[in-house]
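The values are calculated or read from the model by the stated rules, or taken from the named source; none is laboratory data. Nothing here was measured: the structure is a model prediction, and the numbers come from that model. All Cβ positions, glycine included, derive from the backbone under ideal geometry; neighbour counts span all protein chains shown. Heavy atoms of the whole protein, side chains included, go into the accessibility calculation; ligands, DNA and RNA do not. Shrake-Rupley method; radii C 1.70, N 1.55, O 1.52, S 1.80 Å.
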Amino acid sequence: MKNSQRSRGAGSALGALLGLSVFSVIAGVLVAVLVAPAMAVSSAAASSTIDIFDSLPSYIEINAQPQQNRIFATKNGKPVQIATVYDQNRQEVAWDEVSEFALDAAVSGEDRRFFETGGIDVQGLARATIHNLATGTADEGASSITQQLVKNILIQKALTLPTKAERKVALQQAAGPTPDRKIREVKLAISMDKKYTKHEILLAYLNIAGFGGNTYGIQAAAEQFYNTDAKHLTAAQAASLIAIVQHPETRSLNDPANYPENKERRDVILGWMLAEGNITQAQHDEAVATPVDKTTVTITEPRNGCTYASKYAKYFCDYIQKSVKDLTALGADPETRAENWKHGGYDVYTTLDYDLQTVAQKASWELAPASETRLRLGSSTVSVQVGTGRILVMAQNTKFDDTGETSGRSVSSVNFSTDKSYGGSGGFQPGSTYKIFTLLNWLQNGHGINESVDGSGRTVSQSTFSDSCNGPWTGPYTFGNDEAGEKGSYTVAAATAKSVNGAFISMSLQLDLCEIAKTAKSLGVHRADGDPLETRPSSVLGVNEVAPLTMSAAYAGIASGGKYCSPIAVDKVIGPDGATLPGQDAKCHRALESSVANTAAYAMASVMTGGTGGQSNPNDGTPHIGKTGTTDESNQTWMVGASRKVATAVWVGNVSGHVPLRSYLSNGSYGATIRHNIWRTTMLEVDSKYPGGAFPPAASALLKGSGITVPNLAGLTLPEATAQLKGLGFTLTVTDQISSALPAGSVVRSSPGAGTIASRGSAISVVTSNGKLAKMPKVVGLQFADASGRLSAAGFTTISELCIPLAPSNAARDGYVVASSPGSGRTVKRTDHIGLSVGRTAC
């Protein structure tokens, strides 16, 4: 570039010789006439202009201008860009990243004496002044590249002001057609030229110049109009872009109607480039012969924001946007972070695993179609890395759009995976997946998973629950189990596998509802709407609305052996200056004793192998733990679980309304199984990439826990059984009386049964005998009369004889019973018919 090699010419030398003050007098008077040609240029006016000029600031800096922010995920172990977010579409480039043609076109098109002047072109000002005096207009402005840079910097500063009124005033001062503005601009341009090199000024101009709409800077313009980089612009392309700067409204390449005027100005610039010796005649002729039409203009619309992010990661992009307020790398407080993000230039490297994300997102779209007509079907899948809190997956079944350009049941700007303040969702009732926090608190209180509790559905008084946060509660609480046959005694382990509501209510009756909530909070659980967790008795069964991200992170804490890490989405940030800045801090801490977490995981493993989560199990050799959840009326369904490496939460349910998922959808699939299919599909891919090993064994002390072995009560009288149970810390409840061979009023059996481990203080239910049954006595071998007497004495009322002929050789056995029906030892009613077979020599 010949121009780039030039020294500061005559104008610059003149400025240095006369000094800034004398140069200011000349410039000030010229500017006064330039912008107000109708005024008389008297000595008083000139003096006033000089006074104004001297009072103006003379310092301005070339700072980094608003740029694009870029968001990255990881694909095949390497960074991949998933989104571009900006307030202004600009990418600042270095000198060697700009085509020589673009550098020359800028000088030829905007300020041909740029390398010869001292910030302003005095000759140009004089020429424009004479023209404006002659015509009585202000047609010519004679702004140098340096002046244009000053004006653009002031405009950019004005746009950052907090209020509309402040911005309006500042924009008028920066760009308004007033003498004061022009004089200020001149003085700052002179000052800038003394402070910066010509290369610095020219590059800053090319990075700040507006190319129409929200496109700023030569790089963004090159991408938008030619789908290329500024470094690779041809002479024709560079001249066309510079042609836009003066009048983007009539020369922008966005509108084909502007092509003729753009070409006209382009060719003028090319002529000046030729005259300046910056291009050869051949290059000029080739460029001029290049049309400005659809064959040469390649419009690439800016893809700003999460609506235009990678189709598989739009909701995660939105989560990053809404997490800016938390990124300490961007500033000391949320306001500063938001302002810095708006200014841009940041590369954000996130935790998202694009390979897993793609699988989960495809599964969501295919298995939970948002186009479902029977209900507003929603789904969310969130995976969190165990031990780090890194969010690997955030998928949902709808299409993201926050522009308002598309609509319909398949489109939503609400992120179902997150809290209200991070995506607009108020969360969903987690159902039985929340029972795990009762299990954990049960273990924290020294109970064991082999202890038995009453699993029956029933009505209990709420006043019997302990709640040190919000109690006492009043009124009855009626609850049932998912299946009608679920009743009686269950071990806690079995109740977890089968998700028996009654058992968890029984457990909570021995705990403090407030402490259960605190256990949940220690694993990061909170309501998605920001309200406090409810602790009423029904909270045990999962009525607090929570986000899938919250549940995934909580289960990751269990899978890690009790270390909870709050979910994070950013690994690191590269600042506008290229410095590496920290990502988010997961604030990992021990939430549970390892013995508690490992024993809970031991119980949760049975959910996947023989319990309600069996349909989710990938059966790929990787051990998993988990818990299902289904709310009343099955309007929300969940599957949350983990390997030793990754936890995944899947929610499928009603976005609004209460249509049961335990029904068939319009596409023929069964609603309640969708969660299982998505979880299994996602975890198959997870396990292949993040293989997990075996979970640690349960703590032996927490198998039995503080439970007591229930004694054998059969045959004891009620007073005897009561006394024995009381001595062990149990209470006794009679639930039924049945026909039995035991004496009336004695205990037949108990629940939990003999040998079972039950919690101290538990009520042991017993069934007593009504005495209406008896064991058939042994009467074979007795004389019929003796046998009848024995049976009558035992209370049998209906006795008959069946004659069995004897051979003469057996005459000695005449009259003896040889068989009975029923046989001896059988339990029968005393009113039942008793048949005795008697040997007789003569029948």
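Below are the figures for this structure:
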| read-out | value |
| --- | --- |
| Filter result for residue 279 (open to solvent by less than 40 Å² (accessible area, probe 1.4 Å) and either assigned to a helix (DSSP H, G or I) or without any contact (Cβ under 8 Å) to a residue 12 or more places away in the chain (or both)) | no |
| Lone qualifier among 815, 835 - being farther than 13 Å from residue 777 by Cα, over 60 Å from the mean Cα position of the chain (by Cα) and open to solvent by less than 30 Å² (accessible area, probe 1.4 Å) | 815 |
| Failed item in (1) surrounded by 13 or more Cβ atoms within 10 Å (Cβ to Cβ); (2) closer than 22 Å to residue 211 by Cβ; (3) in contact (Cβ under 8 Å) with a residue 40 or more places away in the chain, with residue 300 passing the rest | (1) |
| Candidate set: the range 672-708, residues that are of a type in the set (Ser, Thr, Tyr) and either modelled with pLDDT of 95 or more or in a helix (DSSP H, G or I) (or both); chosen: the one nearest to residue 358 (Cα to Cα) | 682 |
| Candidate set: the range 479-491, residues that are in contact with a Gly (Cβ under 8 Å, 6 or more places away or on another chain) and farther than 16 Å from residue 630 by Cβ; chosen: the one least open to solvent (accessible area, probe 1.4 Å) | 488 |
| In the range 340-352, residue nearest to the chain's Cα centre (by Cα) [restricted to those that are at negative phi and open to solvent by 10 Å² or more (accessible area, probe 1.4 Å)] | 349 |
| Selection count where residues are crowded, with 24+ Cβ neighbours inside 10 Å and in contact (Cβ under 8 Å) with a residue 60 or more places away in the chain, scope the range 239-268 | 4 |
| Residue 648, sole failed condition from (1) outside any loop (DSSP other than H, G, I, E, B); (2) open to solvent by 10 Å² or more (accessible area, probe 1.4 Å); (3) hydroxyl-bearing (Ser, Thr, Tyr) | (2) |
| Odd one out for residue 460 among (1) buried (at least 24 other Cβ atoms within 10 Å of the Cβ); (2) touching a Leu at 6+ places or on another chain (Cβ under 8 Å) | (1) |
| Within the range 400-418, tally of residues that are of a type in the set (Ser, Thr, Tyr) and open to solvent by less than 10 Å² (accessible area, probe 1.4 Å) | 2 |
| Residue, most open to solvent (accessible area, probe 1.4 Å), within the range 93-119, restricted to residues that are outside any helix (DSSP H, G or I) and of a type outside the set (A, V, I, L, M, F, W, C) | 112 |
| Set 319, 315, 349: member being within 24 Å of residue 567 (Cα to Cα), outside any helix (DSSP H, G or I) and aromatic (Phe, Trp, Tyr) | 349 |
| Residues of the range 387-399 that turn out to be more than 13 Å from residue 649 (Cβ to Cβ) and buried (at least 24 other Cβ atoms within 10 Å of the Cβ), as a count | 4 |
| Which listed residue, of 761, 745, 727, is open to solvent by 40 Å² or more (accessible area, probe 1.4 Å), over 47 Å from the mean Cα position of the chain (by Cα) and of a type outside the set (Ser, Thr, Tyr) | 727 |
| Looking only at the range 62-74, and only at residues there that are surrounded by fewer than 23 Cβ atoms within 10 Å (Cβ to Cβ) and under 20 Å from the mean Cα position of the chain (by Cα), the one that is farthest from residue 219 (Cα to Cα) | 74 |
| Condition broken by residue 339, with the remaining ones in (1) in contact with a Phe, Trp or Tyr (Cβ under 6 Å, 6 or more places away or on another chain); (2) modelled with pLDDT under 95 satisfied | (1) |
| Residue among 468, 539, 552 that is surrounded by 23 or more Cβ atoms within 10 Å (Cβ to Cβ) and either assigned to a helix (DSSP H, G or I) or at pLDDT 95 or above (or both) | 552 |
| Filter result (surrounded by fewer than 20 Cβ atoms within 10 Å (Cβ to Cβ) and in contact with a helix residue (DSSP H, G or I) (Cβ under 7 Å, 6 or more places away or on another chain)) within the range 75-92 | 75, 76, 80, 87 |
| Strands (runs of 3 or more DSSP E) (entirely within the range 729-801) containing at least 1 residues that are among the small types (Gly, Ala, Ser), out of contact with any Asp or Glu (no Cβ under 6 Å at 6 or more places or on another chain) and farther than 20 Å from residue 503 by Cβ | 763-769, 773-775 |
| Scope the range 355-379; condition outside any loop (DSSP other than H, G, I, E, B) and open to solvent by less than 10 Å² (accessible area, probe 1.4 Å); matching residues | 356, 357, 360, 361, 363, 364, 377, 378, 379 |
| Filter pass, residue 594 being hydroxyl-bearing (Ser, Thr, Tyr), over 21 Å from residue 560 (Cα atoms) and open to solvent by 10 Å² or more (accessible area, probe 1.4 Å) | no |
| Positions within the range 715-756 being of a type in the set (Ser, Thr, Tyr) and within 26 Å of residue 826 (Cβ to Cβ), in sequence order | 717, 739, 740, 746, 750, 751 |
| First in the range 211-224 and in contact (Cβ under 8 Å) with a residue 12 or more places away in the chain, second anywhere and part of a strand (DSSP E or B), Cβ under 7 Å, 6 or more apart | 214/89; 215/89; 216/89; 216/210; 220/89; 221/215; 224/215 |
| Residue under evaluation residue 746, criteria (1) closer than 30 Å to residue 733 by Cα; (2) touching a Pro at 6+ places or on another chain (Cβ under 8 Å), criterion not met | (2) |
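Residue-wise test of (1) polar (S, T, N, Q); (2) open to solvent by less than 30 Å² (accessible area, probe 1.4 Å); (3) in contact with a helix residue (DSSP H, G or I) (Cβ under 7 Å, 6 or more places away or on another chain).
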site	(1), (2), (3)
740	yes, yes, no
755	no, no, no
769	yes, yes, no
787	no, yes, no
804	no, no, no
819	no, no, no
